[in-house]
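Novice: Below is a structure I'd like to ask you about.
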Amino acid sequence: MRIGIGFDAHPFVEGRPLKLGGVSVPHSRGLAGHSDGDALLHAVADALLGAAGRGTLGEHFPDGSDAWRGADSAVLLGRAAGLVGEAGFRVGNLDAVVIAEAPRLAPHAAAIRSRLAAILGIDASRVSVRATSSNGLGFAGRGEGVAAVAVALLEEL
Ligand code: MG
């Protein structure tokens, strides 16, 4: 078995839809980024790549690349999962935490869990997604952006 951790954070910006965990979440602002800014999917992808020893999301899908401008992060995560499979692993389980002051994500956690499982091609019972605030501390607490942390366990095929 192999374990990996991923972290990401993106700032809120006006005039963009909010995508988190591959799900559209109603909110007044979205997340800035070269892709759709989905910090949760990026953290998950980095956890998977880290566990497999396959580098980082940024190496595989560079920020400067026109090919990935405005990209659906679900496509990036799907590609990362493909690399993990090619490396000889499958996902044992995945646990992720989203840190945001607003919007409240608990009502969307089940949909995000299902979406993550579908992107990765695994049963939703292997996926856990939780949301928390930072109790007003730091950039998340000030409502400036969203952070996400993910841990993935891989099993050798
Ligand atoms: Mg990112």
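Novice: Running a GNM on the chain with Cα contacts under 10 Å, which residue among A118, A47, A140 ends up with the highest mean-square fluctuation?
Specialist: A118
Novice: While we're on this one: In degrees between 0 and 90, to the nearest 10, how far off the longest principal axis of the chain does helix 73-86 point, with axes built from Cα atoms?
Specialist: It is inclined by approximately 20 degrees.
Novice: Could you check what % of the DSSP bridge pairs in segment 2-156 are antiparallel, to the nearest 5? Mind showing how you got there, number by number?
Specialist: Numbers: 24 of 30 bridges.
Given both bridge residues lie in segment 2-156, the antiparallel proportion sits at roughly 80 percent.
Novice: Just to check I understand the Karplus step: with θ = phi - 60° and J = 6.51 cos²θ - 1.76 cosθ + 1.60, what whole-Hz values come out for segment 118-135, glycine and proline as x?
Specialist: Those phi angles translate into 5, 4, 8, x, 10, 6, 4, 5, 8, 10, 10, 10, 10, 10, 8, 9, 9, 6 Hz.
Novice: For A32, put the label point 7 Å out on the Cα→Cβ axis and report which residues of segment 11-26 keep their amide N under 14 Å from it.
Specialist: Residues 11-16 fall inside that zone.
Novice: Stretched out fully, how many nm does the piece from E14 to L157 gain, at 0.36 nm a residue minus the Cα gap? Intermediate values should be presented prior to the final figure.
Specialist: Numbers: separation 143, 0.36 × 143 = 51.48 nm, distance 4.39 nm.
Residue separation times 0.36 nm, minus the Cα-Cα distance, leaves 47.1 nm.
Novice: In terms of modelled amide H atoms, which long-range or inter-chain residues lie less than 5 Å from the amide H of R16?
Specialist: So R16 has HN proximity to G30.
Novice: Under 5 Å between amide H atoms, partner at least 5 residues away or on a different chain: which partners does G55 have, H built in plane at 1.01 Å?
Specialist: none
Novice: What's the extension gain from S65 to N135 if we count 0.36 nm per residue and subtract their Cα-Cα distance?
Specialist: Roughly 21.6 nm would be gained on extension.
Novice: Sticking with this one: Using a Gaussian network model on the chain with a 10 Å cutoff between Cα atoms, which of A80, A67, A147 fluctuates the most?
Specialist: Result: A67 has the largest fluctuation of those listed.
Novice: A further question on this structure: Collect residues whose amide H, placed 1.01 Å from N in the peptide plane, falls under 5 Å from the amide H of G22; neighbours closer than 5 in sequence don't count.
Specialist: Hits under the 5 Å cutoff: L41.
Novice: Quickly work out the M1-to-L83 label distance, labels modelled 7 Å from Cα along the C-beta direction, and quote it in nm with one decimal.
Specialist: Computed distance between label sites L83 and M1 equals 2.4 nm.
Novice: In nm, to one decimal, how far is the modelled label at R142 from the one at T56, with both set 7 Å along Cα→Cβ?
Specialist: Distance between label points: 2.4 nm.
Novice: Applying the Karplus parametrisation 6.51 cos²θ - 1.76 cosθ + 1.60 with θ = phi - 60° to the phi angles of segment 29-46, what ³J(HN,Hα) value in whole Hz is obtained for each residue in order, glycine and proline being reported as x?
Specialist: Coupling constants for segment 29-46: 9, x, 9, 6, x, 5, 8, 7, x, 6, 4, 5, 5, 5, 5, 5, 4, 5 Hz.
Novice: While we're looking at this one, here's another question. Among D38, D46, D95, determine the one that fluctuates most according to a GNM of the chain built with springs between C-alpha atoms less than 10 Å apart.
Specialist: Most flexible of the set in this elastic network: D95.
A short reminder: the numbers here are calculations on the coordinates, not readings from a lab. Given the structure is predicted, the values throughout are model-derived calculations rather than measurements. Don't worry about glycine lacking a Cβ; one is built from the backbone with ideal geometry, like all the others, and counts go over all protein chains shown.
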